[in-house]
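Undergrad: Sharing a structure with you now.
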Number of protein chains: 2
Amino acid sequence: MLAEERRSQICLGLDPDPAGLGDSITDWVDGSPAEAAGAAVSAHCRRIIDLAGPSCIAVKPQLACFERLGWPGWRALEEVCEAAREAGLLVVADGKRGDVPVSAKAYGQAMVGVTDSPFGPVDGLGADAFTANPLLGEDALEPMVAAAEAAGAGVFSLVRTSNPGAADVEDLPTQDGPVHEQLARMVDRFGDRLGGRESRLSGMGAVVGATAPEHIARLRELMPRAMFLIPGVGAQGGRPEDLGAAFVAGRAGAMVAASRSIAGADDPAAAAEELRAAVWAVSG
Amino acid sequence: MLAEERRSQICLGLDPDPAGLGDSITDWVDGSPAEAAGAAVSAHCRRIIDLAGPSCIAVKPQLACFERLGWPGWRALEEVCEAAREAGLLVVADGKRGDVPVSAKAYGQAMVGVTDSPFGPVDGLGADAFTANPLLGEDALEPMVAAAEAAGAGVFSLVRTSNPGAADVEDLPTQDGPVHEQLARMVDRFGDRLGGRESRLSGMGAVVGATAPEHIARLRELMPRAMFLIPGVGAQGGRPEDLGAAFVAGRAGAMVAASRSIAGADDPAAAAEELRAAVWAVSG
């Protein structure tokens with residue numbers, strides 16, 4: 001398992017904001033504002049990967065941050081995914097897509113590639129895993145799971161997110177527990193589809209925020225095989241020491257995502273290494 | 001109101017699939033497979049706009065279908081949005097985005113533009129409205145609503161989608177009705193923010209599928225001011241004659257989206273015109 005090899009469960013979030021990259025403007029920047037910003041965003045992310053990558057097992061580009069720059073942003077995203085692969089890191093494409101089945105199929109293709117185009121195969125982002133939004137139900141998740149299955153990739157369905165407003169819908173009480181527990185059961189039903197070859201863990205995973213750690217043990221019960229992707233540590237207030245229950249499934253049972261607390265640190269390498277050690281300590 | 005002027009409430013869905021465009025391959029196609037497919041997708045959509053546009057008030061590009069072609073797909077998307085504007089049509093960018101607040105802000109920027117980039121302003125898609133996924137709650141919708149407000153655009157939040165699996169989560173019973181009614185209340189709470197200048201209607205709208213018309217009257221009660229975006233007519237089985245309750249709010253109270261039933265017709269112009277007349281007849 002990669003987690004054991006690298007003694008890390010850290011997923012490096014990449015949420016580049018051009019507003020903070022003005023220092024990188026030089027005389028030789030050309031092209032449109034979007035192209036110039038796209039180039040700066042690409043260079044910034046590749047620098048963070050170089051610095052912090054050695055303490056991580058994966059990167060998690062936030063698609064929103066690239067899309068806001070239009071096609072040059074999407075080109076930067078492709079460059080960043082490629083740089084992460086070259087650095088030996090997994091790519092978790094964080095787009096939280098969800099749509100009716102025919103469109104969900106296209107979102108799956110965006111993540112792992114199009115094979116049936118008469119113009120020749122298109123690679124997509126080559127994601128090792130991607131996030132998905134389950135609001136539209138099982139038939140809408142299905143084509144994204146199928147795309148992941150065909151590509152040997154994983155899916156992280158939203159279950160309980162890390163923002164304060166998550167309670168509005170995800171915590172609404174139903175007859176069988178809050179909505180997020182129903183989402184967890186849906187994730188578990190897909191567990192056989194992306195079954196791990198090397199372990200009992202499934203590549204059908206769940207996004208479970210670190211900011212409401214009181215849910216983690218219960219969600220681990222409902223999804224005993226799922227990989228957890230845990231955002232919300234650091235800038236959002238979540239703490240590694242509250243995440244032990246996620247690792248009941250083993251050291252590879254969860255990835256902890258951190259973005260601003262690493263990329264925004266004075267020393268991103270040291271910040272990543274500190275978080276790596278803290279999470280490793282609670283995972284064993 | 002544009003609906004009155006054009007006597008139309010039809011929103012032309014653009015869901016291009018490169019798999020069906022092999023006939024457009026010519027000797028002079030160059031570039032990568034993604035670039036060639038992107039050019040074909042752009043030409044196809046512009047052709048459909050030319051043919052069917054006169055019977056419509058808006059286009060609704062499905063972002064998934066463009067994204068699957070990577071950056072050339074996103075460039076095609078920008079070309080198609082521009083072509084629609086030139087044809088006098090509104091652009092409803094259908095991406096169904098949803099994320100924690102800091103990322104939701106970036107999604108809003110992707111739709112209507114980035115103004116605070118030190119590299120210069122970036123236009124985004126220049127959308128007149130865009131779809132959003134409300135699973136993450138009010139604080140996650142807020143930045144997208146704020147972006148729309150600043151740009152004079154509208155938002156269509158998912159409330160009850162048109163796919164069979166919609167029942168899995170959106171129809172889960174809670175103490176105050178099914179989940180989709182709770183989503184409807186959330187939409188209504190944002191209604192003042194995108195208040196219409198010319199009418200009592202709000203630009204804070206809702207996606208309500210035509211495939212479950214039994215919900216439409218109740219959802220109109222809960223969201224008296226919201227514009228409805230109604231997919232699911234045609235290929236998915238919804239019928240114009242079942243949509244009357246949506247137009248209680250006036251002729252501009254809803255847009256009916258159709259994709260495959262127009263773009264896939266032998267005569268897209270006639271198919272669009274037939275649907276226009278059928279919807280206009282039930283809206284008065």
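The values are calculated or read from the model by the stated rules, or taken from the named source; none is laboratory data. Keep in mind the model is a prediction, meaning the values are calculated, not measured. Neighbour counts run over all protein chains shown; Cβ positions are idealised from the backbone, glycine included.
Listed here are the residues, each with its yes/no results for (1) touching a residue at least 40 places away in the same chain (Cβ under 8 Å); (2) basic (K, R); (3) in contact with a strand residue (DSSP E or B) (Cβ under 7 Å, 6 or more places away or on another chain); (4) within 22 Å of B:V179 (Cβ to Cβ).
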residue	(1), (2), (3), (4)
B:H215	yes, no, yes, yes
B:E221	no, no, no, yes
B:P224	no, no, no, yes
B:G232	yes, no, yes, yes
B:V248	no, no, no, no
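Undergrad: Criterion first (in contact with a Ser or Thr (Cβ under 6 Å, 6 or more places away or on another chain), at pLDDT below 95 and either aromatic (F, W, Y) or farther than 23 Å from A:V187 by Cα (or both)) does A:A235 satisfy it?
TA: When the stated conditions are applied, A:A235 passes them.
Undergrad: Can you work out which of the residues in segment B:36-62 that are closer than 19 Å to A:G108 by Cβ and without any contact (Cβ under 8 Å) to a residue 40 or more places away in the chain is farthest from the chain's Cα centre (by Cα)?
TA: B:A37
Undergrad: Taking the stated definitions as given, is B:A235 part of a loop (DSSP other than H, G, I, E, B) and over 18 Å from the mean Cα position of the chain (by Cα)?
TA: no
Undergrad: Scan B:C81, B:C65, B:C11 and give me the residue that is within 15 Å of the chain's Cα centre (by Cα) and in contact (Cβ under 8 Å) with a residue 60 or more places away in the chain.
TA: Exactly one of B:C81, B:C65, B:C11 is within 15 Å of the chain's Cα centre (by Cα) and in contact (Cβ under 8 Å) with a residue 60 or more places away in the chain, namely B:C11.
Undergrad: Could you please give the count of residues in segment A:65-87 that are facing chain B (nearest Cβ under 7 Å), farther than 14 Å from B:F66 by Cβ and crowded, with 24+ Cβ neighbours inside 10 Å?
TA: Residues that pass the stated criteria total 3.
Undergrad: Is it the case that A:F247 is part of a helix (DSSP H, G or I) and of a type in the set (F, W, Y)?
TA: When the stated conditions are applied, A:F247 passes them.
Undergrad: Tally up the residues in segment B:84-110 that are in contact with a Lys or Arg (Cβ under 6 Å, 6 or more places away or on another chain) and free of Cβ contacts under 8 Å to residues at least 24 places away in the same chain, please.
TA: Within segment B:84-110, residues that are in contact with a Lys or Arg (Cβ under 6 Å, 6 or more places away or on another chain) and free of Cβ contacts under 8 Å to residues at least 24 places away in the same chain number 2.
Undergrad: Mind checking whether some residue in segment B:6-14 is at pLDDT 95 or above and within 14 Å of chain A (Cβ to nearest Cβ)?
TA: yes
Undergrad: Just give me the residues in segment A:133-182 being at the interface with chain B (Cβ under 7 Å from one of its Cβ atoms), in a helix (DSSP H, G or I) and within 18 Å of the chain's Cα centre (by Cα), in sequence order.
TA: Of everything in segment A:133-182, just one residue is at the interface with chain B (Cβ under 7 Å from one of its Cβ atoms), in a helix (DSSP H, G or I) and within 18 Å of the chain's Cα centre (by Cα), namely A:A166.
Undergrad: Being buried (at least 21 other Cβ atoms within 10 Å of the Cβ) and of a type in the set (A, V, I, L, M) is the filter here, so list the residues in segment B:223-244 that pass it.
TA: Correct list: B:M223, B:A226, B:M227, B:L229, B:I230, B:V233, B:L243.
Undergrad: Looking only at segment A:250-261, which residues are away from chain B (no Cβ under 14 Å) and in a loop (DSSP other than H, G, I, E, B)?
TA: A:G250, A:R251, A:A252, A:G253
Undergrad: If you don't mind, another one. Have a look at B:R193, B:R200, B:R218 and point out the one that is modelled with pLDDT of 95 or more, surrounded by fewer than 22 Cβ atoms within 10 Å (Cβ to Cβ) and not in a strand (DSSP E or B).
TA: On inspection, the qualifying residue turns out to be B:R218.
Undergrad: I want to confirm something. Restricting to segment A:102-126 and keeping residues that are at the interface with another protein chain (Cβ under 7 Å from one of its Cβ atoms) and under 18 Å from the mean Cα position of the chain (by Cα), which single residue is nearest to B:S162 (Cα to Cα)?
TA: Going through the qualifying residues, I end up with A:Y107.
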